[in-house]
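Any read-out appearing in this document is the output of simple, stated calculations on the displayed coordinates, not a laboratory observation. Since the structure is predicted, the reported quantities are computational estimates derived from the model, not experimental observations. Neighbour counts run over all protein chains shown; Cβ positions are idealised from the backbone, glycine included.
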Amino acid sequence: MPRSIEPDEVLSILAHIALPPTAPYHEWGVLDAIRSELERGGIPTKTDPFGQVHARVSAGGAKRALVFAAHTDHPAFEVIEASGKAGKARVLGGFRQRVFPPDVAVTVHGDAGGASFAAILTEPVADIEPLHNSTTVCRIDAEKPLAVGQFAVLDLPAADVAGDEIRMRAADDLAGCALIVSVLLALRGERAPHDVHAIFTRAEETGLYGARLAAEDGLLPRDAYVISVEASRALPGAEAGRGIVVRAGDLHNTFSNEAERYLRVARERLAERGIPTQRALLVGGTCEASSFVRLGWTATGIALPNINYHNAAADGGFAPEIVRLGDLLSGIALGVEAALAAGEDADESWWPDVRITPTVIRERLQRDRPKG
C-alpha cells in the first residue's frame, strides 16, 4: 500500500503555503513557500523562465508519466494610481461580487517584501480590461503611502481550521498547491513504478497564462498526461465533504477520457478502502486543463469543492473560501493511487470485460433474420 501522509503534516504544509499574500503576477511568496516545503522533504525543484516552480518524483520504469498542475495566484487588486495614501486599484482576476460592500478591508503588499499595511477599497466602478480578466476599478485609501505596482489582498484569515472545515483567503488554488506537494511527499520512498511531475503556475486568474506558456513552450514532457488540480466552485453533485471530485470538464471544455482512466482506477482502489470520491462536469469556471486540451495535450482534472468560491459570500459580498480537510486527504490519496495506476498503465476493473465483444454474441447478431 502506498505511503500516506498524516493530517497534521498536511495542515502544516497548507498553512505554510497559504500564509503569503498572492495575486496574479505577484506570486513570489507562495512560490518560495512551495519550494521550501518540497526541498525540506528532499525533493529538488527548478524554476522555468516564467518563474514557475517544477518538481518530480519517480521510481522504476513507469509506463506513463503524470503532471499535476496548480496555480499560485488568487483574485486580488493592483495599485494603478497613487498619490500619497490614496489612489486607485484594479481588480486582477475573477472577483465579480454581486454586491460590492461600501468598505472592503484589504492589506497592501510589495513584491520586494517589507511590512504590509491596511487599506480600504471604496467606490467601485465598472472598467473592463480583458487582458487581466478585470471588471472593476476601486478607490483605495491606505494607512501608509501607496505606490503603483503594489498589490492588495482581502483582509481575511490565511487558513483557519475548525474541525473538518478550513476557511481560507485563497483556497483557490493554494489548497490545490498543498495537495500536490503532499502527493509528492507521500510518494517519497515508494518503490512501485511511478513518474510524477508537478508545475506550480502563475497568472491563472487573469487568463490561464502560466499554464498556456508551459503548453506553448513545451516546458513539460509532451507524452505525460496533465492533471489540473483546483479548488473549484462547490455545486450540486460535487459537494464539500464528499471527497475529491474527478473533473470531467469545465465551463468551456470536456477533458480527455484517456487521461481520466488512471483517476477512475484510483477511485476504484480508494472505494475498497472506504475513501470517498466524486465525479462531475464542473461548469463553475475554467481550469488549466483547458489550456492543455486546446493545444492538443492529453489532460484532465480534479477539484476540491470550494464554498464561497472567489470569496463570494452568500450576501453578495466577500467571505473566506471554505474547503474540507477530508476532501483534501481524499485528493492526496487519489493523486498517489493515480500515479501508481499510470506507472503500471492500469485499466478499470470493468474494462477487460467489454474490450472485445464475445464471439458468441458477434455470431448471434450476424445471423439472418428468420423468415416467416
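Quick look at the values:
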quantity	calculated
Cα-based equivalent ellipsoid, the stretch 76-154: semi-axes from gyration tensor eigenvalues, Å	19, 13, 11
Separation of alpha-carbon centers, the stretch 1-55 and the stretch 73-100, rounded to whole Å	26 Å
Inverse mean reciprocal Cα-Cα distance (Kirkwood Rh) of the stretch 231-276, Å	11.9 Å
Cross-link partners of Lys85 among lysines (Cα-Cα below 26 Å; sequence separation of 8 or more within a chain)	Lys144
The chain: antiparallel DSSP beta bridges as a percent of all, rounded to 5	70 percent
On Cα atoms only, tilt of 257-272 relative to the major axis of the chain in degrees	80 degrees
Angle in degrees between helix 325-344 and the longest Cα principal axis of the chain, rounded to the nearest 10	50 degrees
Distance between the stretch 211-242 and the stretch 284-316 - C-alpha centres, whole angstrom	7 Å
Crossing angle, helix 171-186 versus the chain [Cα axis fit, 0-90 degrees, rounded to tens]	50 degrees
Mean residue ellipticity (222 nm) of the chain, computed from DSSP H runs ≥ 4 via -39,500 (n - 2.57), nearest 500	-8500 deg cm²/dmol
The stretch 122-173 and the stretch 335-372: distance between their alpha carbon centers, rounded to Å	51 Å
Packing-based order for 353-366, 245-258, using average beta carbon neighbours within 10 Å, highest first	245-258, 353-366
Loop chymotrypsin sites (Phe, Trp or Tyr not before Pro), the stretch 1-79, which have at most 14 other Cβ atoms in a 10 Å radius of their Cβ (DSSP)	Phe50
Average projected area [Cα convex hull, the chain], square nanometres	22.9 nm²
Radius of gyration and maximum dimension Dmax of the stretch 177-251, Cα, Å	14.6, 40
